[in-house]
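Below is the structure I would like to discuss, written out as structure tokens.
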Amino acid sequence: MRKFLVILDDSRECLNAMRFAAMRAARSGGTVTILSIIPPEEFQHWIGVGDLMRAETRERIETHYEVFATWMRTRKGIHPDLVIREGSAVQEILGLIREDPEIGVLVLGAGTDPGGPGPLVSSLSKSSGTLPIPITIVPGQLTKEQLESVT
């Protein structure tokens, strides 16, 4: 079974990437793995404060994940998995891809800001020729109807 790996973050383009991954998984008999990455620099405080911040960040991620997971379950019949990692985003994405041979496609949302598509799309597209799986980049401007038609 093929897994679609999608990144959960605070970006607006994350929504279209989530929708696309769920729609493709539902239509192809696949599943979805949602990865959220906590940057390590967020916890460079005193140990107690860092632990409290880490717990609050995980709780926020799980709440955010549940919104997408509920939509995927009720609308698309997909039961996504959540993976939370701490570290550099690109390194953690590549690490998970290497560790889980069922991941078949990385789905990223492209930002619509004039500054470019976003740091993950920029970083990962530069090394896309050496990745073991394809990357699908979902434009942030696509409507729900356009997503339906391309999936």
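The values are calculated or read from the model by the stated rules, or taken from the named source; none is laboratory data. A quick note: this is a predicted structure, and the numbers were derived from the prediction, not measured. Glycine gets a Cβ as well: all are built from the backbone with ideal geometry, and neighbour counts include every protein chain shown.
Scan (1) out of contact with any Leu (no Cβ under 7 Å at 6 or more places or on another chain); (2) surrounded by 17 or more Cβ atoms within 10 Å (Cβ to Cβ) for the single condition GLY87 breaks and write down its number.
(2)
Under 15 Å from the mean Cα position of the chain (by Cα), more than 14 Å from ASP9 (Cβ to Cβ) and not hydrophobic (A, V, I, L, M, F, W, C): is that true of GLU66 in this structure?
Details: under 15 Å from the mean Cα position of the chain (by Cα): yes; more than 14 Å from ASP9 (Cβ to Cβ): yes; not hydrophobic (A, V, I, L, M, F, W, C): yes.
Answer is yes for this residue.
Related question: Among the numbered criteria (1) touching a strand residue (DSSP E or B) at 6+ places or on another chain (Cβ under 9 Å); (2) more than 24 Å from GLN146 (Cβ to Cβ), which one does THR63 miss?
Exception for THR63: condition (1).
Here is a list: ILE78, ILE93. Which entry is surrounded by 15 or more Cβ atoms within 10 Å (Cβ to Cβ), over 15 Å from ILE7 (Cβ atoms) and in contact (Cβ under 8 Å) with a residue 40 or more places away in the chain?
When all the criteria are applied, what remains is ILE78.
Note down all Cβ pairs under 9 Å where the first residue falls in segment 9-22 and is farther than 19 Å from ARG58 by Cβ and at pLDDT below 95, the second is surrounded by fewer than 24 Cβ atoms within 10 Å (Cβ to Cβ) and hydroxyl-bearing (Ser, Thr, Tyr), and they're at least six residues apart or on different chains.
Partner pairs satisfying both residue conditions: ARG12/THR112; GLU13/THR112.
Are any of the residues in segment 102-115 among the polar types (S, T, N, Q) and within 17 Å of PRO139 (Cβ to Cβ)?
Residues of segment 102-115 that are among the polar types (S, T, N, Q), as a first pass: 112.
Among the residues that remain, those that are also within 17 Å of PRO139 (Cβ to Cβ) are: 112.
For segment 102-115, residues among the polar types (S, T, N, Q) and within 17 Å of PRO139 (Cβ to Cβ): present.
Among the residues in segment 87-97, are any more than 12 Å from the chain's Cα centre (by Cα) and on the phi > 0 side of the Ramachandran plot?
yes
How many residues does segment 137-150 contain that are exposed (fewer than 15 other Cβ atoms within 10 Å of the Cβ) and β-branched (Val, Ile, Thr)? Give the derivation first.
From segment 137-150, those exposed (fewer than 15 other Cβ atoms within 10 Å of the Cβ) are 141, 143-146, 148-150; that's our starting set.
Next, from what is left, pick out any that are β-branched (Val, Ile, Thr): 143, 150.
Total meeting the criteria: 2.
Say we look at segment 96-121 and pick out the residues that are surrounded by 14 or more Cβ atoms within 10 Å (Cβ to Cβ) and small (Gly, Ala, Ser); which of these is farthest from ALA25 (Cα to Cα)?
GLY118
Quickly run through segment 1-29 and pick out the residues that are outside any helix (DSSP H, G or I) and not aliphatic (A, V, I, L, M).
ARG2, LYS3, PHE4, ASP9, ASP10, SER11, ARG12, GLU13, GLY29
Every residue in segment 18-34 that is out of contact with any Leu (no Cβ under 6 Å at 6 or more places or on another chain) and either buried (at least 23 other Cβ atoms within 10 Å of the Cβ) or closer than 16 Å to ILE103 by Cβ (or both), please.
Across segment 18-34, the qualifying residues are MET18, ALA21, ALA22, ARG24, ALA25, SER28, GLY29, GLY30, THR31, VAL32.
Looking at segment 45-63, which of its residues are exposed (fewer than 10 other Cβ atoms within 10 Å of the Cβ) and either at pLDDT below 70 or closer than 15 Å to LEU15 by Cβ (or both)?
Listed by number, the residues that qualify are TRP46, ILE47, GLY48.
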